[in-house]
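The values are calculated or read from the model by the stated rules, or taken from the named source; none is laboratory data. Here the structure is a predicted model, which means the values were calculated and not measured. Here the Cβ is made from the backbone with ideal geometry for all residues, glycine too, and neighbour counts use every protein chain on show.
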Amino acid sequence: MIRKARSIALGTAVAALALPAAAADDGAGKSYTPPRPPGDFTPPPDSAIPDGPMGDMIRRGRELFMHTQKLSGDYVGNGMNCVNCHLDRGRKASSAPLWAAFGMFPAYRGKNDHVNTMIERIQGCFRYSMDGTPPPADSKPMVALLSYHFWLAKGAPVGVALPGRGFPAIDKPDKPYSVARGKTVYERECAICHGSDGGGRKAEGTWVFPPLWGSESYNFGAGMHRINTAAAFIKPNMPLGRPDLTTQEAWDVAAYINSKPRPQDPRFTGELAQTKKRFHDHMCLYGTEQHGRTLGAPDGE
Ligand code: HEC
Ligand code: HEC
């Protein structure tokens, strides 16, 4: 259930415990442990982006990462930008920073049961988090985004889980999470920015606070739809600027926002129970009764 968060935490712990290169032995096979990562990694500043065609491509990628709505209609189907979940232009530790991701691919992902390249990982966020159609591997937007990921990881080790990768594993709550308690937390701490209807806010046609549920939000297939993943994001990052929720409150509010309707899982087979069984065997409320409706049921059912 907490598989992904746990594997990241484990990776970090293993990396932290690993002994220096002594373990590096050509004959060591599976027991090989990479050298210890060099402490906290700091990505290069934007001012160091080079001039010329490579620099132009990195800047283009940064622009698309922050203003992904520019790809709205082509590749993006909702109101989100990449930076909404990967804070501080993809730099913030504990907010799935790009510098910690780049050197960890290709990697096997249980989600699709094969080895994914970095490009396919990015395409995954387009399909689910952006509720869109992923840009092809060699399209300009993809090359630009990939270049930006590469740039932020400049100087980072390859194949080593750096501290700060992903969202940090969050402790289990004392009491089972509660949608009802989460509603109280939401109204007190979150509605002021994200709106009492969870729909986010726009100013002069541009999103200023991203939607948390509804048609403009991430879809049911997205990582953020997992209650544990959302709780792990919320605890160190929200409310924005003063993340001070208790562990229990983070779980409760994560359950509440994920008890609300959102775009269908693109893997929907046409049948809710089957889709739930096949793709939602994790901590989520898909296919359960919420607010008087079956969550994820197509309209009219
Ligand atoms: C709704 C929130 C959300 C949005 C929007 C979003 N992502 Fe993600 N992204 C996630 C989550 C959740 C994960 C999984 C983090 C984890 O494994 O702990 C993730 C993981 C990733 C990873 C892999 C991180 C790692 O360390 O393995 C990359 C790369 C990535 N996203 C890129 C993007 C790009 C590029 C965009 C925009 C096209 C984007 N994301 C938009 C939520 C989002
Ligand atoms: C001060 C305004 C503010 C408050 C209060 C706030 N947020 Fe956010 N939140 C933001 C902004 C802005 C972003 C996007 C950050 C970015 O793009 O850099 C965001 C992003 C998010 C995201 C990821 C993007 C998405 O739309 O899914 C989630 C989830 C989230 N907030 C949940 C919460 C929860 C839960 C609370 C209450 C505990 C909360 N926020 C309180 C401003 C706020």
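Observations on the model:
- Taken over region 57-76, the criterion of being within 21 Å of residue 91 (Cβ to Cβ) and not aliphatic (A, V, I, L, M) is satisfied by 59, 60, 61, 62, 63, 65, 67, 68, 69, 70.
- Taking residues in region 149-162 that are within 22 Å of residue 62 (Cβ to Cβ), and partners anywhere that are hydroxyl-bearing (Ser, Thr, Tyr), the pairs with Cβ atoms closer than 8 Å and at least 6 places apart or on different chains are 162/12.
- Entirely in region 64-133, the helices (runs of 4 or more DSSP H) that have 2 or more residues that are within 25 Å of residue 281 (Cβ to Cβ): 118-127
- Some residue of region 172-190 being crowded, with 18+ Cβ neighbours inside 10 Å, within 16 Å of ligand 1 (Cβ to nearest atom) and at pLDDT 95 or above: yes
- Residue match in region 288-297 (condition: charged (D, E, K, R), surrounded by fewer than 20 Cβ atoms within 10 Å (Cβ to Cβ) and more than 16 Å from ligand 2 (Cβ to nearest atom)): yes
- Looking at 139, 129, 94, just one residue is within 16 Å of ligand 2 (Cβ to nearest atom), of a type in the set (Ser, Thr, Tyr) and either surrounded by fewer than 21 Cβ atoms within 10 Å (Cβ to Cβ) or assigned by TED's automatic domain parsing to the domain that holds residue 258 (or both), and that residue is 94.
- Filtered by the rule that a residue be polar (S, T, N, Q) and either over 19 Å from residue 245 (Cα atoms) or not in a loop (DSSP other than H, G, I, E, B) (or both), region 150-188 gives a lone residue, 184.
- Hits in region 205-230 - residues which are among the β-branched types (Val, Ile, Thr) and either away from ligand 2 (no atom under 11 Å from the Cβ) or touching an Asp or Glu at 6+ places or on another chain (Cβ under 6 Å) (or both): 206, 227
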